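The values are calculated or read from the model by the stated rules, or taken from the named source; none is laboratory data. Predicted model, so just to flag it, every value in this text is computed and none were measured. All Cβ positions, even for glycine, are placed from backbone atoms using ideal geometry, and neighbour counts span all protein chains on display. Calculation scope for accessible area: heavy atoms of the full protein, side chains included, ligands and nucleic acids excluded. Shrake-Rupley method; radii C 1.70, N 1.55, O 1.52, S 1.80 Å.
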Amino acid sequence: ETLFRLYYEEVLAAVRQGGFHVMAHLDFPKRHTGNSCDIPELVDQILAAMIENDIVPEINTSTCDRDVKECCPDVPILARWAALGGNRVVVGSDAHATHAVARHFDEAERVLRETGLNIGFYKDGVFQSAAGSTPAEKAL
């Protein structure tokens, strides 16, 4: 829990500062620890600051290949994002090779269905809704 707490404190400082559109790897330590750790008092502050600063979370699918076998972040955190008033997300796969582009976007689609969030992308600093498209279709 200490690693996650330290990480979340840094994320909170970053989103309070703002100046960017997307917060990727919201619960990144799970990529290396193999387990999720949600600290609601910190994560909810992060989510509220993201809403206040018009920052959206990225649903990252690279952790689906890791021991944790879920998106980063996954449903519990993203459901709270929606409950707090967030409704937009972007999706990424951390593709560092062509074969990994859109890898595990079926999992991102599951998360989107479970949370009711709207997928999109940024163009010239403006969020563009991709409603009605699957994450895999938007990756093309």
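Below 8 Å between Cα atoms, with a sequence gap of 6+, how large is the relative contact order for the chain in percent?
So the answer I get is 20 percent.
Leaving out ligands and nucleic acids, and using a 1.4 Å probe, what accessible area per residue does the chain come to in Å²?
I get 51 Å² per residue for this part.
Counting only DSSP beta bridges with both residues in the chain, what percent are antiparallel, rounded to the nearest 5?
Restricted to the chain, the bridges split so that about 40 percent are antiparallel.
So for the chain, taking the charge dipole from beta-carbon charges (+1 Lys/Arg, -1 Asp/Glu), which of Cys37, Val91, Pro57 sits furthest toward the positive end?
Val91
How much of the accessible area of the chain, in percent, comes from carbon and sulfur atoms when a 1.4 Å probe is used?
50
Whose amide H sits under 5 Å from the amide H of Met23, counting only residues 5 or more places off or on another chain, with H placed in the peptide plane?
Val56, Glu58
In what sequence, largest accessible area first, do Lys30, Lys69 appear using a 1.4 Å probe?
The residues order as Lys69, Lys30, largest area first.
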